[in-house]
Amino acid sequence: MNNATGVAASPLDTARLVAVELDGRGAEIEQARGLPPDLVDRFRDSGLFGLALPRTLGGAECAPLTVVEVVEEIARADPSAGWTLLIGQGAGFLAWLDPATASEVVAHTPRPVVASSMAPAGRGEQTPDGYLLSGRWPFTSGCAHSDWLMAGFVVTRDGVPVTDESGRPVQRMAFVPSSEVTVVDTWRVAGLRGTGSHDVTVTGSLVPREFTADPFFEPARLPGPLYGASMFSFLMTMMAGFPLGVGRRALDEFHVAAHRRVKQPAGTSMAEEPVVQAAIVRCESRLRAARALVVESLGRLTEVVESTGHAEPAVRARLAASVLHAMETAREVVETALHSCGASSIYATHPLQRCFRDIHAAAQHVAFGQEALKRLGRIELGLPAPVFLV
Amino acid sequence: MNNATGVAASPLDTARLVAVELDGRGAEIEQARGLPPDLVDRFRDSGLFGLALPRTLGGAECAPLTVVEVVEEIARADPSAGWTLLIGQGAGFLAWLDPATASEVVAHTPRPVVASSMAPAGRGEQTPDGYLLSGRWPFTSGCAHSDWLMAGFVVTRDGVPVTDESGRPVQRMAFVPSSEVTVVDTWRVAGLRGTGSHDVTVTGSLVPREFTADPFFEPARLPGPLYGASMFSFLMTMMAGFPLGVGRRALDEFHVAAHRRVKQPAGTSMAEEPVVQAAIVRCESRLRAARALVVESLGRLTEVVESTGHAEPAVRARLAASVLHAMETAREVVETALHSCGASSIYATHPLQRCFRDIHAAAQHVAFGQEALKRLGRIELGLPAPVFLV
Amino acid sequence: MTATALRPLTAATALAGAVTAFAARAETERTLPAELVERLREAGLFALGLPRALGGLESPPGELIPVIEAVSRADASAGWSVLIGNTSAFLAWLDPAAARAIVDRTPSPVLAGSMAPLGTGELVEDGTAYRVTGRWPFSSGCRHADVLMGGFVVTEGGRPVIRDGRPLMRVGFFLPDQVTVHDTWHVAGLSGSGSHDVAVTEAVVPVGRTAVPYSEPSHHPGPLYRLSPYNVLMVLFAGFPLGVAARALDELTVLATGKQRVGARETLLADPLVNTDLVAATAALNAARAGVHAVADEVWRTVESGRELTPRLRAELAAATIHAFDVGRDIVSRAFRQAGASALFDDSPLQRCLRDLHAAGQHIAFSADSRERLARTWFGLPVPPAIFQV
Amino acid sequence: MTATALRPLTAATALAGAVTAFAARAETERTLPAELVERLREAGLFALGLPRALGGLESPPGELIPVIEAVSRADASAGWSVLIGNTSAFLAWLDPAAARAIVDRTPSPVLAGSMAPLGTGELVEDGTAYRVTGRWPFSSGCRHADVLMGGFVVTEGGRPVIRDGRPLMRVGFFLPDQVTVHDTWHVAGLSGSGSHDVAVTEAVVPVGRTAVPYSEPSHHPGPLYRLSPYNVLMVLFAGFPLGVAARALDELTVLATGKQRVGARETLLADPLVNTDLVAATAALNAARAGVHAVADEVWRTVESGRELTPRLRAELAAATIHAFDVGRDIVSRAFRQAGASALFDDSPLQRCLRDLHAAGQHIAFSADSRERLARTWFGLPVPPAIFQV
């Protein structure tokens, strides 16, 4: 990451520069239903797609909080771009591959953009050479510009799912180069429209066993706070900046509208309205509190991983809970801002409108669903829970 | 503050010890409608009433965050005791007196407990020797055990309010020794019952001019982060731990009840209920986020005061907003916990019941009212506002 | 014209002033003063649910609900006592001769007690009576009740009798001289409702004075007794939150019309934060009331025309009452919050509304369990057994 | 039997399937397809608000509201278009001969446009007509409207005419050939409602085809036209949120009955977090509906009996509609959230409900300003002038 004068810029400085460039491109991004090629190149060239790539593989391997702040900045500028950026950090999953294999990946495609679709929607038939993989995966954000796909699959033998000692089907993730991946154009949506989250298919590709991993149950092969807690914590870290950035943008717009809109016949601005004053304090406090909790929880997790090399489920659950809370808070803040800003925000091109559609869409991600909430509740209450999912 | 082995204990360690002693004394405190004498002594002797007394006057002059954590701990053990403790930090207002006069106060009554009632409910007739003060002040928590009273008054000459150049009545605060203060037993309430927040009267006491101050408009005479921002920031710092402690107690009780209550006929605990799991995660996240914001805002204010000696209204407003947010969050958390914990919490002695009554009562304090919210909204929006009230 | 000849709503309205005047005394005595009980009884307000054949009014829900609302608006504890006293409706499930004997002894008897099977009872040798021992909490109005219900598990040789895999349960209708009241009602909310524990020890109750309202149909042909006992209770409950919340809004309106806040130039009522919230709260309350009546009327039309109540319609009736409680609870909290510090004192009706409605909301009918059973009934999912079936 | 002979609700119900089938096309065309407009017109659904004397149905609110609800439930954009088309009710404020001429030209004309005085108009020399220029945004249904309203400020010599300190305003009723539609309706919500800008340039409109519905009484004796134009609009609006929210709950119920969440063993519907929320949402919606009808019926009884509508009752009518919007908005957000990722796609009715109801909620009638005016009217406080008086 170098700025104009050749001095290495911090990722956050870079993000701020790129954020300015995103200004006014929202409609185009939505129209394209994915990030336009020049912006993909910008994210690649500026190193923003490499925040989570392990340092040993040529990446930036940023501090977790830095990732959050960069994603926040880009999501604030354009939610779809922010989502594409955070999902585009899938190169971090290379930390779960055998280091030699991971090196092969980056030798083949330096600083790779890795799309991911973790649901075990594929099947991989065991062969002596690896897995014969076929399947169709939905919601694969950024698939069109990715170099690799990480995709979940069920292991089969003679077409029958292989089960482990407890009788459950064995699942793994396969890393497949994009040359073997077909994009099926399905992404016709109202929210996160610009993320190109199409379906992808793979048909009968042979994936060598070392190009697969089981990150839900296996620890990462590399140390460091990004990977050392759990795969799920890695994912939540990538996501945390999104609601914070979108919520912040909604409040930016709320501030602007409060000063710009004039109440008739008094001629005073909306900002003079007690109802608006109270709403803006409440929204600001809620969003800032949500952010402060993310920072605190992530700080705690980082500290624990750095000092012990791993993190207990309770500490991971607190990070996840803080990100869920950020998402819920952002949704409320965006709705309040939208409702307070009147009819002009009804047009599709209005940033608030996009915040509304995009935050609602992002909150539908399975990581933010009620199963996740219950899981975190069980851990909070000290009950048995599937801890591989935190 | 010394522990059993004679080693100086931190205020927070002391608070934890005292918190244990408060266990089971809630009913008695409510019955007495004020802190029983032995607990008053305990607060005095342990130094807990001296957290905010300037160091130059023999006090602990704790870091702002320490005050918050101590008040949080005591409010968690018993909300009325917590409120009495925080209001009992009025000795901090001595920082606004002329240092020589303040020294006289502590010479007369070392480590004084100072009650306060800031509303200008009294009148002070100017005389050559000072002000002849009379008035009746409501809501004077802890007045029965205080050594001094700080009370607001309007300055009069020949019975007529004196106005300043802008035509507004001149107001000051008088420091009056408790020997000149009469307590009028008025405190018959449902919430914060154990705080003895009676009315007090003063009738024709002569208060020398140097025993008065105008902390709304004059800066403190002593440096330090507790006093350097504003009188209002001092107050909000004292209060911040209260909602955090009461909210925490409600969640403690929620946890206990979730495990203890059994659902018939299934025989499983309430903790196994998805609705309870979701509620507890939400409550935990909200309260923790509110706390994180208080810590962040107070940290920022402390840093600014320490480096520049004062703090702009915007920074002070953020602290105030974080404390309002903590109060609002605590109210919601307490209500959710109460509603989730079933009929046994209906009894007056149940801690949740007390949390409910007490948090609702505390939220009625004028510092948490809608005028405050509007004021903070105006500052957030960059509009003119009475900044002496933040 | 005697008082009893008045329409119940007219009578309730006429008594409202007296009910309000007794409110403070009811709180002090922790039960409804005997004098007020007599006036309510004379006015026929304890005969609303009683079968006409037993000398009662057998009021349709559309008439009954506004009566409970009017009394509850005058004083919540009185409203609660009246609605619980009207569980004399359950006499319809008793053997007609036994019921007749009860009303011959005391016309329009006031009922108290609980169907929860917290006692045990065994047939005496000749099979004509049960010998029952048990203790039931939350027996509102037990100090003035003429008949006290107590649910019990039937035993044989000291062991519970099991039928269809569940313990056999009955409800005994005891006379006051068989019952001991344990003074337990030390509470913050509904303090005037005298909801002490009641107990019987080896009390002999004729078989005819026991019933199985849990599952058997009633013995009276009136449409009111085609409702399930649970639904009868839901009809009795419905007016309560409507009345208490309306009272809170009444009080806030009066206060806001007369009051100026410190630092504000206009009355509280002119503050848009107050007046728009009052309007929104009133609209929500009006909707909740209309919602209760709409479904109660539909239920009434159904049973009057001799059709069966579907599980869905029974669930809708309960859901409307629960919604009224949820809305009411929210309204009293908001109204209290708006009122500021003057609402703190024991003589403020607003704080009593807050305490009383939240206390009533702790009733098991509004628990997460009950809501879940209700929802499962609504959607036709299998419902785990419970004392009350929707 | 012709379609128009059906009761409007029967007709609307019969057309529901067709309306739903056209929904996607309406979104694509960004206006209601002409074919659907014809079928709605034939079914009499654009004549609900038109005076009987002009060939309309002049439906009482109690009949009109369920019709709008039924169409809105089938498709929100269609429901919105139908309700706006029925502002033909405002023809009652037009000179009867001019109104007659309009319906002679097109029976049951569809209206569009806006009363907001965004144009200017000056009398032509002979005083028989105004020459009007202006542009009005948000003109739903303008593509198929037979008459387009446009509010204008009357000028003389190019200067606004002032009466009683305020500009004199009138509303012109223009014919389609006088009006230019500016294609501006690129939106996320209510996309199928064709709410483009409309403009006239020096259009000559006979004086008789202008009216002053802001302040003058209507020319038709029917009780519907005793309502203020604002209240007529509120009656037309009321069914919309009820229908859209009901649709969202329909969709969620269907989805939850069939769907299992990843990692869950039961259907979504068996999850208490889902089923209790569905029941609570339905109870809230039923209450909102009942609340609207209760006050609409009271309004109707009042005007039918020839009594004046008090400001309070007019305010209550508006408040009931606003409450329905608030409840509806909350419900579509919750229902969308419960539905998970499958609701993201453009062909999911749930996401359309979300977009459409939030868009409609941006209408100025639901702004903080409007709520404040409404509240001031309710409480008899002075109300600042505005185009519409409550």
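Each reported figure results from applying straightforward, stated rules to the coordinates on display, with no laboratory input. Remember, predicted model here, so these are calculated numbers, not experimental data. All Cβ positions, even for glycine, are placed from backbone atoms using ideal geometry, and neighbour counts span all protein chains on display.
Below are the figures for this structure:
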| read-out | value |
| --- | --- |
| Inter-chain Cβ neighbour average for residues C:370-378, partner chain, 10 Å | 6 |
| Gain on full stretching of the segment that runs from A:Leu206 to A:Thr163 - 0.36 nm per residue minus C-alpha separation | 13.4 nm |
| Set of region D:160-185 residues, backbone N closer than 20 Å to the point 7 Å along the Cα-Cβ line of D:Thr133 | D:160-162, D:168-175, D:177-183 |
| Helix A:351-362 axis, angle to chain A major axis (alpha carbon atoms, nearest 10°) | 30 degrees |
| With Cα atoms, 0 to 90° folded angle of helix C:8-29 axis to chain C main axis | 90 degrees |
| FRET E, pair A:Glu104, A:Val20, Förster distance 41 Å, beta-carbon r, rounded to 0.05 | 0.65 |
| Over chain B: helical MRE at 222 nm, DSSP H runs n ≥ 4 each giving -39500 (n - 2.57), nearest 500 | -15000 deg cm²/dmol |
| FRET efficiency for D:Ser342 and B:Asp13, using Cβ-Cβ distance with R0 set to 60 Å, rounded to 0.05 | 0.65 |
| Top positive-direction residue, dipole computed over the protein assembly as shown with Cβ charges, set A:His339, A:Gly299, A:Ser285 | A:His339 |
| Averaged over D:348-355, number of beta-carbon atoms from partner chains that fall within 10 Å | 3 |
| Estimated FRET transfer efficiency when R0 is 41 angstrom, pair D:Glu298-C:Gln260 (beta carbons, to 0.05) | 0.75 |
| 10 Å Cβ shell holding at most 12 others, DSSP loop, trypsin sites (Lys or Arg not before Pro): longest site-free stretch of chain D | D:1-264 |
| Shape category assigned to region C:167-304 from the gyration tensor of Cα positions, a/c cut at 1.5 | oblate |
| Region C:125-174 - convex hull of the alpha-carbon atoms, volume per residue in Å³ | 102 Å³ |
| Alpha-carbon centroids, region C:49-110 and region C:281-318: separation in whole Å | 20 Å |
| Exposure proxy order (Cβ contacts within 10 Å, fewest to most) of A:Phe368, C:Phe336 | A:Phe368, C:Phe336 |
| For D:Val161, label point 7 Å along C-beta direction: distances to other copies, nm | 9.1 |
| Inter-copy label distances at A:Val160 (7 Å, Cα→Cβ; nm, one decimal) | 10.5 |
| Residue order, fewest to most beta carbons within 10 Å, for C:Thr377, B:Thr186 | B:Thr186, C:Thr377 |
| Euclidean distance between Cα centres, region B:44-83 to region B:84-105, Å | 14 Å |
| Relative contact order (%) - criterion: Cα under 8 Å, at least six apart; region: chain C | 17 percent |
| Stretch gain in nm, segment B:Val387-B:Val184, where the contour uses 0.36 nm per residue and the Cα spacing is subtracted | 69.7 nm |
| Quarter of Cα convex hull surface for chain A, i.e. mean projection, nm² | 20.6 nm² |
| For region D:7-38 versus region C:182-229, the gap between their alpha-carbon centres in whole angstrom | 55 Å |
| Pairs of Lys in the protein assembly as shown closer than 26 Å at Cα, counting only those 8 or more apart or on different chains | 4 |
| Cut-off under 5 Å, modelled amide H: who pairs with B:Val184 long-range | B:Asp199, B:Val200, B:Thr201 |
| Share antiparallel - DSSP beta bridges, the protein assembly as shown, percent rounded to 5 | 75 percent |
| Ranked D:Glu35, D:Glu29, B:Glu328, criterion: other C-beta atoms within 10 Å, fewest first | D:Glu35, D:Glu29, B:Glu328 |
| Separation of the B:Thr349 and C:Glu63 label points, Cα + 7 Å toward Cβ, nm | 4.6 nm |
| Label 7 Å beyond Cα on the Cβ vector: C:Arg7 copy-to-copy distances, nm | 2.8 |
| Amide H partners (placed H, <5 Å) of B:Ser205, local residues excluded | B:Leu133 |
| The protein assembly as shown: C-alpha gyration tensor shape, a/c 1.5 cut-off, then a/b vs b/c | rounded |
| Degrees between helix D:349-360 axis and first principal axis of chain D (Cα, 0 to 90, nearest 10) | 30 degrees |
| Computed [θ] at 222 nm, helices only, for chain C once each DSSP H run of length n ≥ 4 contributes -39500 (n - 2.57) | -15500 deg cm²/dmol |
| Relative contact order [Cα under 8 Å, 6+ residues apart], chain B, whole percent | 16 percent |
| Electrostatic dipole magnitude of the protein assembly as shown [Cβ: Lys, Arg +1; Asp, Glu -1; Cα centre; debye, to 20] | 1480 debye |
| Shielding by partners - mean other protein chain Cβ count within 10 Å, residues of A:48-60 | 0 |
| Whole-Hz couplings from phi, Karplus 6.51/-1.76/1.60, listed for region C:61-69; x for Gly and Pro | x, x, 9, 5, 4, x, 5, 4, 4 |
| Fraction of antiparallel bridges per DSSP, region D:111-211 only, in percent to nearest 5 | 75 percent |
